[in-house]
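Structure first, then comments.
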Amino acid sequence: MSRALATDLSTDRHPLPPALDPARIPAHVAVIMDGNGRWARQRGLPRVMGHRAGVEALKRTLRLCSDWGVGALTAYAFSTENWTRPGEEVSFLMTLFERVLARELEGLMKEQVRIRFLGDLEQLPSGLQALIADATSRTATNHGIHFNVCTNYGGRSELVRAARRLAQQVAEGQLDPAAIDEARFAAELFTAGEADPDLLIRTSGEQRISNFLLWQLAYAEIHLTDVLWPDFDEGALLAALLDYQGRQRRFGGILPADAAP
Ligand code: FPP
């Protein structure tokens with residue numbers, strides 16, 4: 001957290017690397033930022049220093065995505081399962097989120113970033129909730145990249161919440177069960193209004209979904225890398241996007257070339 005996002009974003013813009021096809025930049029990138037603790041341990045540092053470095057990597061990634069034309073970036077910052085971590089680490093993370101939000105808000109405004117926090121926010125410390133509410137409303141009409149920070153987020157609980165909200169509407173006579181389709185269901189998720197991610201990146205060599213965006217990742221391409229999240233840089237993002245651009249997305253269908261009998 002050495003420099004404010006405003007400074008980072010306004011000084012040097014990153015041109016699109018020539019290796020990337022500008023017509024096939026993913027509209028929405030989701031990222032599981034894994035490996036902060038291991039990054040710190042490798043350096044003989046406390047785990048929390050890995051989270052600090054992780055914030056820098058996230059700022060870097062947001063800036064690059066914005067410069068390269070990605071429309072939305074969704075990051076898994078704190079899962080519903082992360083409360084089971086040692087109390088000191090949880091408190092550190094909550095304080096870190098508060099500091100980052102307070103410090104970066106002006107930069108987000110300048111760069112027209114629209115930030116939203118997805119998850120059960122009521123369980124978060126009240127100071128953090130207030131900062132989130134302020135940042136969300138102040139950036140709501142910005143027209144730059146959508147930056148979604150999943151905080152106290154769990155994919156299964158998001159699905160249960162959506163089902164409960166629909167059931168409530170049915171019970172109140174406002175909704176016909178036959179009218180519930182995929183679009184109606186998706187409208188009750190935290191991500192309502194956001195297109196599904198095209199690309200999921202997970203760092204640090206792990207190969208799990210970990211309860212992240214279970215509905216929304218249905219057709220996402222997945223890029224796994226051994227890079228630890230604090231080391232995730234321009235080269236690592238470029239590798240992920242090149243990997244993505246090398247994929248043939250079929251969405252359950254077949255390629256036209258394979259359609260001939
Ligand atoms: C997992 O590493 C990573 C996290 C728990 C994410 C921490 C959150 C940030 C870096 C971003 C916060 C940003 C904002 C905008 C509030 P890990 O601890 O699981 O690493 P390990 O697997 O090596 O132990």
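Bear in mind these aren't lab numbers, they're just calculated from the coordinates by the rules spelled out. Values in this document were obtained by computation on a predicted structure and should not be read as measured data. Positions of Cβ are backbone-derived with ideal geometry, glycine not excepted, and every protein chain shown enters the neighbour counts.
Some observations on this one:
- Around the amide H of residue 147, modelled in the peptide plane, lie the amide H atoms of 73, 114, 115, 116, all under 5 Å away and 5 or more residues distant in sequence or on another chain.
- Counting every other Cβ atom within 10 Å of each residue's Cβ, 219, 76 order from fewest to most as 219, 76.
- For a label point 7 Å along the Cα-to-beta-carbon line of residue 14, residues of the stretch 218-261 with backbone N under 13 Å: 231-242
- A Förster radius of 22 Å, combined with the Cβ-Cβ distance separating residue 137 from residue 27, puts the computed FRET efficiency at roughly 0.35.
- Vicinal HN-Hα couplings computed from phi for the stretch 50-55 (Karplus, 6.51 cos²θ - 1.76 cosθ + 1.60; Hz; Gly/Pro x): x, 5, 4, 5, x, 5
- Unit charges at the beta carbon, dipole of the chain: most positive-side option, 19, 33, 240: 33
- Counting neighbouring beta carbons within 10 Å and listing from fewest to most, the residues 59, 110 come out as 110, 59.
- When both the stretch 171-194 and the stretch 121-153 are represented by their alpha-carbon centers, they are found 23 Å apart.
- In order along the stretch 207-218, the phi-based Karplus estimate (6.51 cos²θ - 1.76 cosθ + 1.60, θ = phi - 60°) of 3J(HN,Hα) comes to 10, 10, 8, 6, 6, 9, 6, 4, 6, 6, 8, 3 Hz; Gly and Pro are listed as x.
- Lys/Arg +1, Asp/Glu -1 at C-beta; the chain dipole; positive extreme among 131, 224, 46: 46
- Remark: 185, 212, 232, 251 ranked as 251, 185, 212, 232, counting other beta-carbon atoms within 10 Å and listing the fewest first.
- Leading residue at positive end of dipole, the stretch 3-123 (Cβ point charges), from 101, 57, 76: 57
- Relative contact order of the stretch 133-233, defined on C-alpha pairs under 8 angstrom at six or more residues apart (%): 27 percent
- Residue separation of residue 170 and residue 257 scaled by 0.36 nm, minus their Cα-Cα distance, works out to 26.8 nm of gained length.
- Rounded D (µm²/s) - the chain, Kirkwood Rh over Cα pairs, Stokes-Einstein at 20 °C, 1.002 mPa s: 110 µm²/s
- Modelled spin labels at residue 90 and residue 184, positioned 7 Å past Cα toward Cβ, are 3.8 nm from each other.
- Amide H to amide H, with H built 1.01 Å from N, residue 221 comes under 5 Å of 199, 200, counting only residues 5 or more places away or on other chains.
- Average Cα contact separation per residue, the stretch 65-156, under 8 Å, 6 or more apart, as relative contact order %: 47 percent
- Phi-based couplings in Hz for the stretch 240-250 (Karplus 6.51, -1.76, 1.60; Gly and Pro marked x): 5, 6, 5, 4, 4, 5, x, 7, 10, 7, 10
- Net dipole in debye of the chain [+1 Lys, Arg Cβ; -1 Asp, Glu Cβ; about Cα centre; nearest 20]: 440 debye
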